[in-house]
1. Do we find that D31 is more than 34 Å from the chain's Cα centre (by Cα), at pLDDT below 85 and in a loop (DSSP other than H, G, I, E, B) in this structure?
2. I'd like the full set of residues that are free of Cβ contacts under 8 Å to residues at least 40 places away in the same chain and either open to solvent by less than 30 Å² (accessible area, probe 1.4 Å) or of a type in the set (V, I, T) (or both), limited to segment 230-280.
3. For L304, indicate whether it is within 28 Å of D179 (Cβ to Cβ) and either at pLDDT 90 or above or assigned to a loop (DSSP other than H, G, I, E, B) (or both).
4. Would you call S116 open to solvent by 10 Å² or more (accessible area, probe 1.4 Å) and in contact (Cβ under 8 Å) with a residue 60 or more places away in the chain?
5. So S169 passes all but one of these: (1) open to solvent by 30 Å² or more (accessible area, probe 1.4 Å); (2) under 23 Å from F308 (Cα atoms); (3) not in a loop (DSSP other than H, G, I, E, B). Which condition number does it fail?
6. Suppose we keep only residues that are surrounded by fewer than 19 Cβ atoms within 10 Å (Cβ to Cβ) and within 30 Å of L163 (Cβ to Cβ) within segment 92-113. Which one would you say is modelled with the lowest pLDDT?
7. Checking P199 against (1) open to solvent by 20 Å² or more (accessible area, probe 1.4 Å); (2) within 21 Å of Q80 (Cβ to Cβ); (3) of a type outside the set (F, W, Y): exactly one of these is not met. Which one?
8. Here's a check for you: in segment 314-331, which residue that is of a type outside the set (D, E, K, R) and more than 25 Å from K272 (Cα to Cα) is modelled with the lowest pLDDT?
Amino acid sequence: MATAAEDPPGLQDHSGTVHGHLWRRLSSFRDSAGARRQAFPDGPGMPQANKKTIGHRGIDPTGETTYKKTTSSALKGAIQLGITHTVGSLSQKPERDVLLQDFEVVESIFFPSEGSNLTPAHHYGDFRFKTYAPIAFRYFREMFGIRPDDYMYSLCNEELIELSSSGASGSLFYVSRDDEFIIKTVQHKEAEFLQKLLPGYFMNLNQNKRTLLPKFYGLYCVQSGGKNIRIVVMNNLLPSAVKMHQKYDLKGSTYKRRASSKERSKAVPTFKDLDFIQEMPDSLIMDGETYNAVCKTIQRDCLLLQSFKIMDYSLLVGVHNVNQASVDAGAVSVDQARPQVQKPLYCTALEAIQSEPTRMGSLDMEDKTGGIPAKNSTGERLLVYIGIIDILQSYRLAKKLEHSWKALVHDGDTVSVHRPSFYAERFQKFMCNTVFKKNAAKTSPTKKRRAVGHIPLRKVPIFLSQASSDSRSDAEVESGVQPGRPDLLPKALSNTSNFEKGTEHTVSISLENTASLQQEAASLDHSKAQLEPLEESLGAISLSDVVPQMNTCSV
């Protein structure tokens, strides 16, 4: 049992009460696991009866999951011991700006089974725990509002939950008890690529915190028995407290993109592109603002992935049917007894898209679960959870050869592996044209009535134009100028009983004055200028009756 002197640095202060509690919790996990076996192999003495191996993942004779011949219980215990120590040690380092060399730092601590001055005793076997870029990842966690105590409490206070679905890669997945974090084992090439990606990832997060890309909170390595088990801590896309009625892993390709019969036999299988096209031909329907926000976010994320030469990523889609859940009565349940810690910022699908969450419409559970509101073709209400996954696949030589080989036997544009620029364009088109669609808004009767006001005035009946002429201003009436009629003279001239009586006054009007009058009248409302002549009702004299006689006038 660890003593106070054996606690890591930083565990003696006020925050150390939380850390000390975590050490005691881990000790109880250690005792229960250690009573069964010495889980970390020290050499060839490990039983060779592993079965059902997928990649590095297997099953030992007792039925427990193993990864690189290390039992899952031992791996979980080592992860929790290592994270508790590294986060506690990091709290003693002063906060500062992230420097370029911080992305290349690797810290290492040895955990002997008998314990040391810095580490507690345990029954998992000797192992070494490595932390990659601790300062940089601390900055990432701070950007998303994750406090060190909350981070440790979520991951280390209770035993991690192993997820049954491992995927084709054979990776192990764990989720924290509070449903906030996912821990995934990654291959050496993926971990190495993430290290190289960190400076660009850092730059992108500073510009764009609303993203569907994975949010990386830590990169670690458990080293024992000559094996390196690399793990990454990320945000959880599909909350386990919400029942997913459908799940899809979508790439935008169609070559062999259908769930296997083994996958379909699961309670909630993860379907693929061809399954989605068959089961949801009318897509997931969203309102205009939500649809635009989703497509804008996907476009920005794909542009970034393309710049890093990343391809073969997927959009993970979880669909919760609100109508069906209400019928099932209690399909959505949140453990109220679970201690509530601060939730990371922008960790839900609704927060991740490029729009303000408060303007997304209202569903009963929207604020609690962060699902994006949508509907299916039958009008049922849905909550959609989305995120881009598997972004640690770069277009290396092996992927280029894979694409060339598949292109020989099938249409090269339909296979999942493709050059990054083509992959990004195909991915966007499939998501925004096939997976998601904008709800076609119908024109309301109010809008139709308003549209009448935009009809050109020349098509308005005569009685409307007469009413318009009656409502002209008193100034226009007094001046005698007919608004919108540049071909009419002032009305005062029409009141003379005999045109010849005013000939001398009329013919003295010069052509320049006539042009000035036309320009002044033409500056009035253009819409009224399109009305049909109303000479008889207005009692005005047309210029066509006057101008020909002006030819005999001496100007």
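The values are calculated or read from the model by the stated rules, or taken from the named source; none is laboratory data. Quantities reported herein were computed from a predicted structural model and do not represent experimental measurements. Note: ideal-geometry Cβ built from the backbone for every residue, glycine included; neighbour counts use all protein chains shown. The protein model used for the area step is the full one, side chains on, heavy atoms only, and it has no ligands, DNA or RNA in it. Shrake-Rupley method; radii C 1.70, N 1.55, O 1.52, S 1.80 Å.
1. no
2. A259, V268, P269, F271, D275
3. Yes.
4. Here the answer is yes, as S116 does meet what is asked.
5. The number of the failed condition is (3).
6. If we take residues in segment 92-113 being surrounded by fewer than 19 Cβ atoms within 10 Å (Cβ to Cβ) and within 30 Å of L163 (Cβ to Cβ), then S113 is modelled with the lowest pLDDT.
7. Going through the list (1) open to solvent by 20 Å² or more (accessible area, probe 1.4 Å); (2) within 21 Å of Q80 (Cβ to Cβ); (3) of a type outside the set (F, W, Y), P199 breaks only (2).
8. In this case the residue turns out to be G330.
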